[in-house]
Amino acid sequence: MGDLAGRTLFVTGGSRGIGLAIAVRAARDGANVAIAAKTDTPHPRLPGTIHTAAREIEAAGGRALPLVCDLRDDGDLERAVAATVTHFGGIDVLVNNASAISLTGTEATPMKRFDLMMDVNVRGTYAATRACLPHLKASARAGRGPHVLTLAPPPTLDPRWYRDHVAYTIAKMGMSLCVIGHAEEFRADGIGVNALWPRTVIMTAAIAMLPGVPGHAGRLRKPEIVADAARAILVRDPRHCTGRFFIDEEALREAGVADFDRYAVEPGHADLMPDLFLD
């Protein structure tokens, strides 16, 4: 496929962090990017809105469409997809980036928080994929290389990943199961469905708020490694690249990248913090 020039991405939760980094990297190729997220006005503790994200995308060379969208609201999602198609003429790539996290045990996870993670992570991934599907099929018929890329880990049944935060793990595994199922369901349509997960913890504003992270910032990598890995996947032929659970390093190695030190928050740091769900 070469690059992402002229292709349209629909990115959920892309107002900051990894989602924004993926959007900006695509913009550097000249892509159109719809940012579908809730943050219309500044968050009291987290930087970035859909409007600041749009400005970054345009500054990087892309075209942006900021859309207020709560994935839990079917009407919001339908309107956001319709607006994207009206504005850009279609959708070629869906990035299921939106995710809620709470690394808490059962007693410390009230049902409201449980429901939030299930609704955003599992239902949101399924709903966004379903809403974009007719347009991804149209993209395939036009030979535009449609992809669904979900930020989800390789599926696991290892009890150690469930013990301390069973609700969050179930929610992330639900996203992974969507990848498995949709890759097979849409294979004949020529739509690539893959997952991407970082080898190390990624430094974002949201991650920095988790207990214990601020003191280990030097052991983390920047979102740009995931963004570059996403781009490496999205330029591949979806007819021959589907159903895979990519780790960022692996996707980049397959694309010929060998230097990962430049992605480190503190280059030269040997003791990087591994992300969840990886051995």
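The values are calculated or read from the model by the stated rules, or taken from the named source; none is laboratory data. All values reported here derive from a predicted model rather than from experimental measurement. With ideal geometry, Cβ positions are generated from the backbone for all residues, glycine too; neighbour counts draw on all protein chains shown.
Does segment 150-158 include one or more residues that are within 26 Å of Thr200 (Cβ to Cβ), small (Gly, Ala, Ser) and touching a Ser or Thr at 6+ places or on another chain (Cβ under 6 Å)? The answer is yes; a qualifying residue exists. Going by the structure shown, is Arg236 modelled with pLDDT under 95 and touching a His at 6+ places or on another chain (Cβ under 9 Å)? In short, no.
Screening Asn194 on (1) part of a helix (DSSP H, G or I); (2) crowded, with 18+ Cβ neighbours inside 10 Å shows it passes everything except condition (1).
Of the strands (runs of 3 or more DSSP E) entirely within segment 1-88, those holding at least 1 residues that are among the hydroxyl-bearing types (Ser, Thr, Tyr) and in contact with a strand residue (DSSP E or B) (Cβ under 8 Å, 6 or more places away or on another chain) occupy 8-12. Whenever a residue of segment 213-240 is without any contact (Cβ under 8 Å) to a residue 12 or more places away in the chain, its partners that are hydrophobic (A, V, I, L, M, F, W, C), lying with C-beta atoms within less than 8 angstrom and at least six residues away or across chains, give the pairs Pro214/Ala208. If you go through segment 178-202 and pick out every residue that is farther than 14 Å from Cys241 by Cβ and under 15 Å from the mean Cα position of the chain (by Cα), you end up with 6.
Taking segment 74-92 as the range and being surrounded by 14 or more Cβ atoms within 10 Å (Cβ to Cβ) and either over 26 Å from Arg141 (Cβ atoms) or of a type in the set (D, E, K, R) (or both) as the test, the residues that pass are Asp76, Arg79, Asp92.
Here the condition is being closer than 17 Å to Arg144 by Cα, within 17 Å of the chain's Cα centre (by Cα) and not basic (Lys, Arg); of Thr12, Thr8, it holds for Thr8 alone. Counting only helices (runs of 4 or more DSSP H) that sit completely within segment 96-175, those holding 3 or more residues that are over 15 Å from the mean Cα position of the chain (by Cα), of a type in the set (D, E, K, R) and closer than 18 Å to Val193 by Cα correspond to 124-141. Being at negative phi and either surrounded by 21 or more Cβ atoms within 10 Å (Cβ to Cβ) or of a type in the set (S, T, N, Q) (or both) holds for only one residue in His165, His240, His216, and it is His165. State the number of residues belonging to segment 246-272 that are in contact (Cβ under 8 Å) with a residue 40 or more places away in the chain, surrounded by fewer than 18 Cβ atoms within 10 Å (Cβ to Cβ) and not charged (D, E, K, R). Within segment 246-272, residues that are in contact (Cβ under 8 Å) with a residue 40 or more places away in the chain, surrounded by fewer than 18 Cβ atoms within 10 Å (Cβ to Cβ) and not charged (D, E, K, R) number 2.
For segment 219-237, filtered to residues that are among the β-branched types (Val, Ile, Thr) and over 14 Å from Gly17 (Cα atoms), the residue that is surrounded by the most Cβ atoms within 10 Å (Cβ to Cβ) is Ile233. For segment 262-279, a tally of residues being within 20 Å of the chain's Cα centre (by Cα) and not in a loop (DSSP other than H, G, I, E, B) returns 3. Entry remark, segment 216-261: residues being assigned to a helix (DSSP H, G or I) and under 20 Å from the mean Cα position of the chain (by Cα) number 18 in total.
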